[in-house]
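The values are calculated or read from the model by the stated rules, or taken from the named source; none is laboratory data. In this text the structure is predicted, and so the values were computed from the model without any measurement. Cβ placement follows ideal geometry from the backbone for every residue including glycine, while neighbour counts extend to all protein chains displayed. Note: accessible area is taken over every heavy atom of the protein model, side chains too, but ligands, DNA and RNA are not part of it. Shrake-Rupley method; radii C 1.70, N 1.55, O 1.52, S 1.80 Å.
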Amino acid sequence: MWIALNTILSKEIRRFMRIWQQTLLPPAITMTLYFIIFGNLIGQRIGEMGGHSYMAFIVPGLIMMSVINNAYANVSSSFFSNKFQRSVEEMLVAPLPGWVILLGFVAGGVARGLCVGVIVTIVALFFTDLHLHSFWITTLTVLLSSVLFSLGGFINALYANKFDDISIIPTFVLTPLSYLGGVFYSISLLPESWQLVSAFNPVLYMVNAFRYGILGVTDVNLALCFGILLVMIALLSFISLRLLAKGKGIRH
Amino acid sequence: MLTVDKTKPALSIRGLTKVYAGGLQALRGIDLDVMPGDFFALLGPNGAGKSTTLGIVSGLVNKTEGQVELFGCDIEKQAFAAKRLLGVVPQEFNFNQFEKVQDILITQAGYYGIPASRARESAERHLRALGLWEKRDQQSRLLSGGMKRRLMVARALVHEPQLLILDEPTAGVDIELRHSLWQYMQQLNKEGVTIILTTHYLEEAEQLCRHIAIINKGEIVSNTSKRQLLSQLQSQAFTVELASQHELTEDFALQGFNLRVADAHSFEVDLPKGESLNPLFAALSAQNLAVLSIQPKSNRLESLFVDLVRKV
């Protein structure tokens with residue numbers, strides 16, 4: 001099974017490396033613009049947030065936003081493309097258990113998420129100094145968040161019937177959740193009622209855990225962050241494996 | 001190659017039914033056995049249930065009811081063992097168009113747990129045998145249609161299966177390539193690989209296969225050896241070519257014979273099976289028509305196929 005898993009992961013890495021202009025370059029450009037406009041130009045007028053300069057405050061959130069968007073996009077576009085070209089049949093005729101297929105694609109999503117995370121971090125270093133408050137919390141948060149969103153991308157791809165279907169969730173769900181997930185502001189700035197609404201946004205916990213790993217500040221309890229991440233990963237893994245076993249979207 | 005129980009059928013199907021989500025009943029309880037080492041044709045008109053049957057065997061379609069075994073391995077209870085024995089060449093291109101030819105084969109081998117070094121050897125052997133070795137570093141989308149078909153054959157063989165399913169492997173392929181693919185399939189069959197073929201080219205089935213099943217509207221309407229099937233023919237068609245000085249008109253006729261003018265110098269005639277050709281020659285001589293050649297039409301299955309399919 002290790003060879004099969006390694007085969008899927010290598011294929012996934014080869015794919016996003018081959019089309020680096022579409023997968024690795026755009027987040028670097030977008031994040032550079034965010035750093036210049038929000039961090040430098042607007043940030044100087046905002047002053048401090050959470051005890052740090054506004055630039056330093058938004059960097060962890062922007063890195064995390066890039067990681068989760070790219071982990072999601074990698075799995076949803078790659079698996080749907082396999083469905084569209086029918087090359088998913090190569091896996092279905094082979095003696096591959098569902099968990100190997102799922103793990104291979106999720107590992108591919110995590111690999112792209114991490115690559116983009118590293119690229120955006122390097123870009124961020126041109127604009128601000130970054131000091132790691134906790135290496136383990138930072139690493140664990142990035143890994144668990146990219147696993148969770150890779151699983152989300154996988155389920156999206158199973159249900160998708162056309163390319164539009166894999167852009168609906170990122171546009172109408174992921175982007176609003178990211179923007180409202182405390183990337184650009186501390187939720188302590190919000191009225192209490194909106195703080196309560198924000199508590200239902202899973203991205204808030206990832207951004208805050210990651211921000212704690214880098215800056216040592218968070219709006220929410222860390223144990224709760226990791227608890228939510230683990231429960232959601234378990235839930236989405238179970239759903240993905242059930243759908244795979246039924247052949248949802250891949251077998252008639 | 002895996003060791004398999006060759007006393008059991010290469011493929012055994014019992015009571016297989018398939019009802020699609022929209023309510024279409026594609027298979028109505030079919031039974032089928034294909035013995036190890038056979039070259040077997042599954043024929044039928046479009047929508048008869050051929051691809052659904054093979055899709056279920058390959059794990060690409062969920063069955064509604066019934067049992068399928070490959071060399072005694074149940075495709076559900078011993079799914080992985082069964083899948084290792086099977087190679088599939090589907091009707092439509094189903095590989096990543098942006099992957100390189102050799103990578104497609106190595107990746108496929110990886111799905112079967114074959115280490116990269118062995119996968120590379122196997123890929124090279126099959127790509128060379130199918131004339132694709134020179135194209136190994138080319139993106140698959142840049143191959144011609146015939147090369148893409150051969151790539152799918154090579155991919156299906158990379159893990160050395162015991163049973164090879166070919167779903168219309170020569171559709172849209174030119175004659176020369178078709179013949180080279182036939183030769184390769186015959187060679188594989190001689191080496192012990194059981195082959196199941198679906199095709200719309202009935203002469204292909206007639207030339208290659210030893211047993212033929214005909215499926216129509218989700219039911220097997222005939223399943224026998226090619227020899228027995230052809231023995232059911234009541235008549236046989238011959239093509240008669242006349243010397244060039246004779247020019248046939250459309251109303252050309254010979255009393256007592258059912259014939260069709262093919263062109264200005266040849267016609268097709270149906271003769272009762274087992275009867276002498278002499279009366280035909282006598283009738284032609286009586287009209288002072290000189291015969292240059294006479295040959296049986298190779299596509300003898302066609303009339304049988306049409307009869308069997310019409311009966312349902």
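Would you mind stating whether B:L163 is under 20 Å from A:A94 (Cβ atoms), among the hydrophobic types (A, V, I, L, M, F, W, C) and in contact with a Gly (Cβ under 8 Å, 6 or more places away or on another chain)? Spelling it out, B:L163 is indeed under 20 Å from A:A94 (Cβ atoms), among the hydrophobic types (A, V, I, L, M, F, W, C) and in contact with a Gly (Cβ under 8 Å, 6 or more places away or on another chain). Per this entry, A:F57 is not counted among residues that are in contact with a Phe, Trp or Tyr (Cβ under 6 Å, 6 or more places away or on another chain) and in a helix (DSSP H, G or I). Test each condition in (1) more than 14 Å from chain A (Cβ to nearest Cβ); (2) more than 26 Å from B:Q228 (Cα to Cα) for B:M35 and report the one that comes out false. Every listed condition holds for B:M35 apart from (2).
Selection within the stretch A:191-237: residues that are among the small types (G, A, S) and part of a loop (DSSP other than H, G, I, E, B). The member of this set that is surrounded by the most Cβ atoms within 10 Å (Cβ to Cβ) is A:G216. Residues of the stretch B:114-131 include none that is part of a helix (DSSP H, G or I), out of contact with any Lys or Arg (no Cβ under 6 Å at 6 or more places or on another chain) and assigned by TED's automatic domain parsing to the domain that holds B:D5. Within the stretch B:102-121, restricting attention to residues that are more than 9 Å from chain A (Cβ to nearest Cβ) and open to solvent by 10 Å² or more (accessible area, probe 1.4 Å), the residue that is nearest to the chain's Cα centre (by Cα) is B:Q102.
Restricted to the stretch B:181-207, and to residues there that are aliphatic (A, V, I, L, M) and out of contact with any helix residue (DSSP H, G or I) (no Cβ under 6 Å at 6 or more places or on another chain), the residue that is surrounded by the fewest Cβ atoms within 10 Å (Cβ to Cβ) is B:L188. Of the residues making up the stretch B:132-144, just one is open to solvent by less than 40 Å² (accessible area, probe 1.4 Å), free of Cβ contacts under 8 Å to residues at least 40 places away in the same chain and part of a helix (DSSP H, G or I), namely B:W133. Counting only residues that are among the β-branched types (V, I, T), under 20 Å from the mean Cα position of the chain (by Cα) and loosely packed, with under 14 Cβ neighbours inside 10 Å, the stretch A:26-49 holds 1 of them. The residue that is farthest from B:A10 (Cα to Cα), counting only those in the stretch B:46-73 that are more than 17 Å from the chain's Cα centre (by Cα) and assigned to a loop (DSSP other than H, G, I, E, B), is B:T64. The lone criterion from (1) within 13 Å of chain A (Cβ to nearest Cβ); (2) under 23 Å from the mean Cα position of the chain (by Cα); (3) open to solvent by less than 20 Å² (accessible area, probe 1.4 Å); (4) under 26 Å from B:G172 (Cα atoms) left unmet by B:L43 is number (1). Taking the conditions (1) away from chain B (no Cβ under 14 Å); (2) on the phi < 0 side of the Ramachandran plot in turn, A:G50 satisfies each one other than (2). When the residues of the stretch B:74-101 are filtered to those that are at the interface with chain A (Cβ under 10 Å from one of its Cβ atoms) and in a helix (DSSP H, G or I), the one that is farthest from B:L11 (Cα to Cα) is B:F80. Of the residues making up the stretch B:182-234, those that are under 21 Å from B:R128 (Cα atoms), among the hydrophobic types (A, V, I, L, M, F, W, C) and over 11 Å from the mean Cα position of the chain (by Cα) are B:L188, B:V193. In the stretch A:61-70 there is no residue matching the filter, namely being closer than 30 Å to B:V57 by Cα and of a type in the set (V, I, T). Being more than 10 Å from chain A (Cβ to nearest Cβ) and either open to solvent by 20 Å² or more (accessible area, probe 1.4 Å) or on the phi < 0 side of the Ramachandran plot (or both) is a description that does not apply to B:V61.
Residues in the stretch A:14-25 that are more than 9 Å from chain B (Cβ to nearest Cβ) and crowded, with 16+ Cβ neighbours inside 10 Å: A:F16, A:T23, A:L24.
Restricting the search to strands (runs of 3 or more DSSP E) fully inside the stretch B:210-251 and requiring at least 1 residues that are free of Cβ contacts under 8 Å to residues at least 60 places away in the same chain gives B:219-225, B:235-242.
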